[in-house]
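Readers should treat all values here as calculations from the given coordinates under stated rules, not as data from a laboratory. Please read these numbers as outputs of a predicted model, since none were measured by experiment. Because the Cβ atoms are built from the backbone with ideal geometry, glycine has one as well, and the counts that use them run over all protein chains shown.
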Amino acid sequence: MRRSKRAISILFMVMLIGLAGCSSSGNKDESAKLSTESKEVMDSGQSARNEESLTSTDRNPEKSVNAVKVKVENQMVIYQAELELRVKNFDQTLQNLESRAKRYGGYIAESTVAKDGNEQVSGSLKLRIPQENFQDFLTYAEGEAAEVLQRNINGQDVTEEYVDLESRLKSKRAVEERLLSFMKNAGKTEDLLKISADLATVQEEIEIIEGRMKYLKNQTSFSTVNITLHERKVVVPNLDKDQLNTWEKTKKQFMKSTNLLLAGLSGLVVFIIGNLPVMIIFILMGFLVYLYYNKKKSHNRQE
C-alpha cells in the first residue's frame, strides 16, 4: 500500500514537471513570434513610408519640373569675346571704349599701346564688362570701328561644376561640425591631436572649394572682352623753313661759286710763282733750242 502511494506521488511530480516545461516552451515560442511580428510591422511601416514618399513625388511632378526650371534659369556661363578692329582715330576710339566700359559698370584689366614710327599705331584692351551689358558693349565697340577684322565669342557653361561645389561644400561643413563636436568630447590627448589634424584637412578643403566658387561667380558676373585696335596714318613730311628761303639760298650759291673762282685763281698764282725758277730754266732751254734750229735752217739755205 505504501509502495503504491509512493509510485502515485512520483508519477504526479513527473506530470507537474512536464506541464511546466511545455508552458515555458510555449512562452518562448510566443515571445519569438511577437518579436518577428514587430519586426515585420516595422519593415512594413518603413516600406509604407517609402511608398508614400515615392507616391508623393509622383503626385507632385510640377515641383520637380519647377526645380529643373530654376536650375536652367540660374545657368552660370563664362563669356569671353575677341575683337580686332581697324579705326580711324586711335586715341579717340580708345578713350570712348574706356568711358563706355566704366558707364556699364565694368573696368579696365589691361591696356597696351605700341607705335611703329609715325605711320602705324596699335594697341590692345582687356575689359571686364557685367554680363547683362556684354552684348550691348560689343555692339558699341563694333560701331566705333572703321572695319571689323575679327570677331570671336566663346561661352563656357559652369553650372554643373558650381552645383557640385555647393553639394561638396555642404558635406564638408557637416563633417566639420561633427569633428568639432568630437573635439569637445575628446578626453585623450592622442584623440584630440588626431581630430585636430582631420579638422585642419577638412577646413583647407572648404577654403579651396569656397575660393573656386568665388572665382566662378566673378567670371560669370563679369565677361571678358579683349580688343585689338589698329590705325594706319598717312604721314606728310614737314617742309623746312630753310628750304623755302630762295634769297638766302641764292646768296649761298653765289658765295660758293665766287669762292670757287677765287680759290682757282689763287691756286694758279701759287703754281706760277712757286714754280717760276723751273719755268725760267725751261724757257731758256727752249729759247736756245729755237736759236739753234733757226741757225741750222739758215745754213742749209745758203748751201
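Summary table below
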| item | result |
| --- | --- |
| Cα-Cα separations in the range 174-229 greater than 13 Å, expressed as whole percent | 69 percent |
| Sites Glu132 and Leu169 - FRET efficiency at Förster radius 30 Å, r taken between beta-carbons, to 0.05 | 0.65 |
| Footprinting exposure proxy for His230, His299 (fewest neighbouring C-beta atoms within 10 Å first) | His299, His230 |
| For the range 242-298, alpha-carbon Rg relative to the globular expectation (2.2 N^0.38 Å, N residues) | 2.24 |
| Extension gain, Lys115 back to Asn154 (0.36 nm per residue minus Cα-Cα distance, nm) | 11.0 nm |
| Relative contact order computed over the range 76-237 (Cα-Cα under 8 Å; 6+ residues apart), in percent | 45 percent |
| Residues listed by number, the range 256-289, amide nitrogen under 20 Å from Asn245 label point at 7 Å toward C-beta | 256-259 |
| Label-point separation, Asn74 to Asp191 (7 Å along Cα→Cβ), nm | 3.9 nm |
| Under 12 Å, Cβ to Cβ, from Phe137 - net charge with Lys/Arg +1 and Asp/Glu -1 | -1 |
| FRET efficiency estimate (nearest 0.05) - Cβ-Cβ, Leu261 to Tyr290, R0 45 angstrom | 0.80 |
